[in-house]
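Contents: one structure, followed by commentary.
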Amino acid sequence: MSLLEIENLRVTFPTPKGNIDVVRGISFNLDRERLGIVGESGSGKSMTGRAILKLIRAPGRVSADTFRFDGIDLRNQSEKAMRSIRGARISMVMQDPKFSLNPVMTVGEQIAEALQTHKRLPRREIRNRVHTMLEAVRIADPERVATLYPHEISGGMGQRVMIAMMLIPEPDLLIADEPTSALDVSVQAQVLDIIDEQVKRKGMGLIFISHDLNLVSSYCDRILVMNSGTIVEECNAGDLRNATHPYTRGLIAAIPQLNETRDELPVLDRSTWVAK
Amino acid sequence: MIALSLQNLDIFYGETQITHNINVEIKEGESFALVGESGSGKSTVLKAIAGLAPEWSGSISAFGQPRSHNIDQQFAKHCQMVFQDPYGSLHPRKTVDATLSEPLAIHGVSNQNGRVEDILVAVGLDRKFRFRYPHQLSGGQRQRVAIARALMLEPKLLLLDEPTSALDVSVQAEILNLLKRLRREQNLTFLMVTHNLPVVSFLCDRLAVMRHGRIVEIADVAELKRGALKEPYSRELMDISSAHAG
Amino acid sequence: MANVRSWLIDDSPSSRLQARLGRAYRISGALSRNPLAAIGAVIILILILTAIFAPWIATHDPLKQDLTQRLLRPSGINWMGTDELGRDIWSRVVYGARITLVIVVLVAVLAAPAGLVIGAVAGYFGGWIDRILMGITDIFLSMPKLILALALVAALGPGIENAIIAIAITSWPGYARIARAETLTFKNSEFIAAIRLQGASSLRVILGHVLPLCTSSMIVRVTLDMAGIILTAAGLGFIGLGAQPPLPEWGAMIARGRSFILDQWWVATMPGFAIIIVSLGFCFLGDGLRDVLDPKSGEQR
Ligand SMILES: Nc1ncnc2c1ncn2[C@@H]1O[C@H](COP(=O)(O)OP(=O)(O)OP(=O)(O)O)[C@@H](O)[C@H]1O
Ligand SMILES: Nc1ncnc2c1ncn2[C@@H]1O[C@H](COP(=O)(O)OP(=O)(O)OP(=O)(O)O)[C@@H](O)[C@H]1O
Ligand SMILES: [Mg+2]
Ligand SMILES: [Mg+2]
């Protein structure tokens, strides 16, 4: 049995002009592995992630034929039951950390809060744990950073704080929505190693949403390519370079190279694959 | 002519010293990249130049004029900043039109209507977006609006803080092409923070590598393309980048 | 009709006006889909119409006494009966809508903007400005509203104008608190930094960019508070410090009806109903507005 089984997942938003599906019937399974989701902006990557946690805000609706996490049918879980699953068993690193962090609470307090909802710990112990967490995500002076407010930390630090908070409860499934887009490659590699360690040691499943195709293809096991709410291509990570779908090829071509010589980067020509 | 010169720049937030002894000179029309470790103070340098981080010592001068520590209207005309996060840098309750007219209203510029229309064309946004709210725009469209806003006052120096890191590759390509074209057309000078070396290679002439609040190396982009950066930290960044691409 | 609608919901409006109307249309659409909010809105609308058209709706002169007609039961002629001076209660309730509306509007016009500006200034500048302003706010907040209003009215002298001033003075601190809290959450955001970078003065930033973000929570809060304001005004009227006789203010009417509550129940009950219905109307509308205007739900991503 897979950790996560999804068949025909739809996310629908009613608008004054009728319903629109932002995720249109996608199916995939996830074992205890690293699954990458790539695709252009607005293709429904984040919505897929949020749908798994049933975090789509009203009036949005989620429906699916199969929607099981570790044998639990998520479709008929109450909001209360979902709350005990969220965080503890499935956690999600949201796309914009500065939006997701509380702007009027220090970083340290927020991590401490995440620790406390998970288990009861003495004060001193919490302080130490907060500092080790920050160190683990390669923040150089945890003492100082713990006392800063979200607007006082750098973009990359915000992302690392979010990752630290989401890894605390040691979830079975981590959904990471663009978790490292503001990190330099060196810290990025180290942070990904921490996540990787939980995948290997604890058998955590990982859904890694990103627009960095190079990174996804070197870090994940399997990749889904999404476009306007559907999965257009699914492949092993190593084979991304040989992808055949024109959409995927278009994305790959748009990436600048380290020794770039083109004067202008090719952008997606939507007319070629919009078909159907 | 020197567009921007930073000398012995030490920036503080209260007690903490963030940068140490930053020295950079950027020529007019040049595109200069600031890369380096997350949290090393790259955004802070841009903020100090713009006037958002007023506690510093050393000197900052733009186009020969020394810069005061706070935001000032005159300087605003020469130098504007584009922020990293297109989701956070637009006022959620203002239409594109209101956002773009605001700088003109502040500086009492006339013909607001025409200027807004021109700038929308320049950044490649269709007229139909003019009266939309930010939540009705995609990330790439928002970033175009942010760039348009920065260009409204016709500045000569543009500070770009990771302008594409929140965008997908195809939109990133559009924005990079746009920036390149605008620089050519309007003879802009760029100071751009990024962690993406291929972007540097595409858009920039020179780069400085920062770590722990210090500049460890300044090099030509040609050296980056040849893989000939000297400092160990720069080489590390370069090697990881090329390993990904490999 | 279909054309107007599609013009309104067009997501690429071609003028400022169209963009604004479109937003208003979407909000009112969302409101009308929320049954309680719709009921609330209808009640408020009826209140407003009643106040405007009071002379036509009322069946009698609200002030005309006729001692031969004292304390009559509700009937075809006196729909809600008459009071101890023989005045028609229905007509008094109808004219009372005017007073209620004036109180509500004036308090909203005086207290909400004052609270908004004080809170936004405190939150935006921080430091000692914040400490002083919030200190004053806290002093006001720490006193029970009704008692403070009582003290003020006692000092200023009874009367409807003074009651309004007293209620306004007691209600701005709550708004200041909310405005400050809202301001704190986004004063460090990049869009505010971007506007400052363009050389905007602090005044411009606060008025043009900070306040518009506080207004929707403020509208919700003010609407929800309206019930409390009406009740405070009625309370002041009840103890004789608000509207003075013979003004048909609902609270004062209840106060006079109190003496006959056991035998002539309608004298106190009818204006009581009016107060309850209008208060509920504001509560429903406020709740609905919260769902629609709250940036975290509704129209945003
Ligand atoms: N409340 C809503 N009402 C209607 N449509 C919505 C709503 N929220 C999101 N959408 C639409 O859902 C689609 C998918 O959005 P999603 O956030 O999943 O994109 P994404 O793939 O994560 O893109 P990005 O790379 O920019 O984060 C978008 O086209 C968006 O416009
Ligand atoms: N307002 C502030 N108050 C106190 N410290 C701050 C403030 N803003 C930034 N810092 C600190 O300054 C340091 C540098 O931050 P900065 O945002 O310049 O980093 P960066 O190089 O841009 O990193 P990234 O690539 O992650 O964005 C960080 O340690 C951060 O905690
Ligand atoms: Mg997303
Ligand atoms: Mg930064």
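The values are calculated or read from the model by the stated rules, or taken from the named source; none is laboratory data. Since this is a predicted model, take the numbers as computed values, not measurements. Ideal geometry is used to build each Cβ from the backbone, glycine not excepted, and the neighbour counts take in all protein chains shown. Just so you know, the surface numbers come from the protein's heavy atoms only, side chains and all, with ligands and any DNA or RNA stripped out. Shrake-Rupley method; radii C 1.70, N 1.55, O 1.52, S 1.80 Å.
Of B:Leu191, B:Leu159, all but one fail to be away from ligand 3 (no atom under 16 Å from the Cβ), at pLDDT 90 or above, outside any helix (DSSP H, G or I) and at the interface with chain C (Cβ under 10 Å from one of its Cβ atoms); the exception is B:Leu159. Residues in segment A:211-246 that are within 16 Å of ligand 1 (Cβ to nearest atom) and more than 9 Å from every other protein chain (Cβ to nearest Cβ): A:Val216, A:Ile223, A:Leu224, A:Val225, A:Met226, A:Asn227, A:Ser228, A:Gly229, A:Thr230, A:Ile231, A:Val232, A:Glu233. Looking across segment C:105-124, the residues that are open to solvent by 10 Å² or more (accessible area, probe 1.4 Å) and either among the aliphatic types (A, V, I, L, M) or modelled with pLDDT under 90 (or both) come down to C:Val105, C:Leu106, C:Ala108, C:Val109, C:Leu110, C:Ala112, C:Ala114, C:Leu116, C:Val117, C:Ile118, C:Val121. For segment A:247-258, the criterion of being assigned to a strand (DSSP E or B), more than 8 Å from chain B (Cβ to nearest Cβ), open to solvent by 10 Å² or more (accessible area, probe 1.4 Å) and out of contact with any helix residue (DSSP H, G or I) (no Cβ under 7 Å at 6 or more places or on another chain) is satisfied by no residue at all.
Residue-by-condition table, conditions (1) buried (at least 22 other Cβ atoms within 10 Å of the Cβ); (2) within 16 Å of ligand 4 (Cβ to nearest atom); (3) at positive phi; (4) among the aromatic types (Phe, Trp, Tyr):
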{"residue": "A:Arg120", "(1), (2), (3), (4)": "no, no, no, no"}
{"residue": "A:Thr132", "(1), (2), (3), (4)": "no, no, no, no"}
{"residue": "A:Val161", "(1), (2), (3), (4)": "yes, yes, no, no"}
{"residue": "A:Leu213", "(1), (2), (3), (4)": "yes, no, no, no"}
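For segment B:201-218, a residue qualifies if it is surrounded by fewer than 19 Cβ atoms within 10 Å (Cβ to Cβ) and within 14 Å of B:Ile26 (Cβ to Cβ), and the qualifying residues are B:Asp205, B:Ile218.
Identify the residue in segment B:150-163 that is closer than 27 Å to A:Asp184 by Cβ and open to solvent by less than 10 Å² (accessible area, probe 1.4 Å) and, among all such residues, is nearest to ligand 4 (Cβ to nearest atom). If you could, list the steps in order and put the result at the bottom.
Filtering segment B:150-163 for residues closer than 27 Å to A:Asp184 by Cβ gives B:150, B:157-163.
Those left that are additionally open to solvent by less than 10 Å² (accessible area, probe 1.4 Å): B:150, B:157-161, B:163.
Working: B:Ala150: 17, B:Leu157: 19, B:Leu158: 16, B:Leu159: 12, B:Leu160: 11, B:Asp161: 6, B:Pro163: 12 Å.
Only one residue tops the list, namely B:Asp161.
Counting only residues that are within 22 Å of C:Lys187 (Cβ to Cβ), modelled with pLDDT of 90 or more and of a type in the set (Asp, Glu), how many does segment B:37-84 have? Here the count works out to 1. Listed conditions (1) more than 30 Å from A:Phe28 (Cα to Cα); (2) open to solvent by 30 Å² or more (accessible area, probe 1.4 Å); (3) more than 16 Å from ligand 2 (Cβ to nearest atom); (4) free of Cβ contacts under 8 Å to residues at least 24 places away in the same chain are all met by A:Ala140, apart from (3).
Among residues of segment A:149-160 that are modelled with pLDDT under 90, those with a beta-carbon under 8 Å from a residue that is acidic (Asp, Glu) at least six positions away or on a different chain give the pairs A:Gly155/B:Asp85; A:Gly155/B:Glu162; A:Gly156/A:Asp184. Checked against (1) more than 30 Å from B:Gln141 (Cα to Cα); (2) assigned to a loop (DSSP other than H, G, I, E, B), B:Ala243 passes all but a single condition, namely (2). Filtering segment A:229-246 to residues that are among the acidic types (Asp, Glu) and open to solvent by 60 Å² or more (accessible area, probe 1.4 Å) leaves A:Glu234, A:Asp239.
Can you tell me which residue among C:Pro158, C:Pro173 is in contact with a Gly (Cβ under 8 Å, 6 or more places away or on another chain), of a type outside the set (A, V, I, L, M, F, W, C) and assigned to a loop (DSSP other than H, G, I, E, B)?
Numbers: C:Pro173 fails: assigned to a loop (DSSP other than H, G, I, E, B).
Answer to the check: C:Pro158.
When each of A:Val38, A:Val93, A:Val104 is tested for being touching a helix residue (DSSP H, G or I) at 6+ places or on another chain (Cβ under 6 Å) and more than 14 Å from every other protein chain (Cβ to nearest Cβ), the lone residue that passes is A:Val93. Whether any residue in segment B:61-71 is crowded, with 24+ Cβ neighbours inside 10 Å and either under 15 Å from the mean Cα position of the chain (by Cα) or farther than 17 Å from B:Thr189 by Cα (or both) is what I want to check. No, there is no match, as no residue in segment B:61-71 is crowded, with 24+ Cβ neighbours inside 10 Å and either under 15 Å from the mean Cα position of the chain (by Cα) or farther than 17 Å from B:Thr189 by Cα (or both).
Can you name the residue in segment A:152-188 that is among the hydroxyl-bearing types (Ser, Thr, Tyr) and in a loop (DSSP other than H, G, I, E, B) and is also farthest from ligand 3 (Cβ to nearest atom) among such residues? Spell out how you get there, then give the answer.
So the first thing to find is which residues in segment A:152-188 are among the hydroxyl-bearing types (Ser, Thr, Tyr), and the list is A:154, A:180-181, A:186.
Of the ones still in play, those that are also in a loop (DSSP other than H, G, I, E, B) are A:154, A:180-181.
Numbers: A:Ser154: 21, A:Thr180: 14, A:Ser181: 10 Å.
Per the stated criteria, the residue is A:Ser154.
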